[in-house]
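No lab work stands behind these numbers, since they all come straight from the coordinates. Computed from a prediction, not measured in an experiment: that's the story for all the values here. So basically every Cβ, Gly included, is an ideal-geometry build from the backbone, and we count neighbours across all protein chains shown.
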Amino acid sequence: MIRKIPIIIASIIVLVLVLFNTSFTVNFHEIAILTRFGKPAGIQREAGLHLKAPLFIDQVTKLDTRLQFIESSLETVLTKDGQQVLVQAYLLWRVEEEGDAPLQFFVSYGNLEAAGKELELQMQGAVRSLGGYNFSELIGTDSKIAQAEETILSDLRSTKLAGIRPVTVGISQIVLPPKTTVAVLRRMAAVQETLANLEESKGNSEAEAIKSLAASSADTIRNFAAQWAAEIESLGNEEAARYYQMMKQESDLAIFLSWLDTLKSSLSGSTTFVTDLNRAPFHLLDLSVQGEATGIPQPSQPYITDGKQGASIDQRKP
């Protein structure tokens, strides 16, 4: 029994080696290219375990069908308006799975690395299509980068790369060389200064228009106010003249009313007067004064006999 153990172990090793050399597995994201004596013999797309001829007879090459990523080197591009820029782009691609496309890919490139290098060369030529755009069209919110990316993708698809399907192209970066950067900054500064001058001129024009409108409105208001004041003054003068004519007809009554107004204004509030009741208009406070034919009481002495005499008024608050 002990002698059979080495034989069993050797048999297991031989079996493992045979299975290893006569089988292969394919993952769900892979396609296997089977070659016999170095020549393509078939394509295996189904995932799982598969058999093949041992040793050097059959060889299997597996191709990953997932998205692959490559990025071009910085490529110098001269834009339509003469600006020199450095452009770098990237490409997402995959191995075509339909028909004999995987076999064509294998024959043309052999593996993914070789295909990636070929695509990098194609990308370097495709990014030169940016030379058809002005520099201002490649920057800012209204840039045509998306359109340029579609153009590059169309150029790559039109080359009919064997077994390769370009999926997405993007611009990684657009870099200005030092000399171009200085020139662009100067031009941008000049443009900004021009725009600032235009805005300043526009603002000054609007300010002058507002000042002119304000002055015109002020003049209109002043003229209207002056006209209105003149009309009020004219009406006042007319009323005063009419009142004066009426008072002339009844002069005694006008004097009496002015006395009453004087008393009303003098005796308003808490005020104590010490005065001579023989002089107008305070004689009205003396109830013993007799009225004339008109019925209006007259003072026994004039209110002012000369420039030095007059009523004495003492205003004291109680």
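Just one of the numbered conditions (1) in a strand (DSSP E or B); (2) touching a residue at least 40 places away in the same chain (Cβ under 8 Å); (3) more than 16 Å from L119 (Cα to Cα) is not true of D81: (1).
Is the range 88-97 home to any residue that is outside any helix (DSSP H, G or I), basic (K, R) and under 26 Å from I43 (Cβ atoms)? Scanning the range 88-97, I find at least one residue that is outside any helix (DSSP H, G or I), basic (K, R) and under 26 Å from I43 (Cβ atoms), so the answer is yes. Checking L121, L198 one by one, the residue that is without any contact (Cβ under 8 Å) to a residue 24 or more places away in the chain, assigned to a helix (DSSP H, G or I) and under 30 Å from E30 (Cβ atoms) is L121 and no other. Each residue in the range 63-87 was checked for being at negative phi, surrounded by fewer than 17 Cβ atoms within 10 Å (Cβ to Cβ) and of a type outside the set (A, V, I, L, M), and 9 pass.
Listed by position, the strands (runs of 3 or more DSSP E) enclosed by the range 3-72 that each have at least 1 residues that are in contact (Cβ under 8 Å) with a residue 40 or more places away in the chain and under 30 Å from V169 (Cα atoms) are 30-36, 39-44, 58-64, 68-71.
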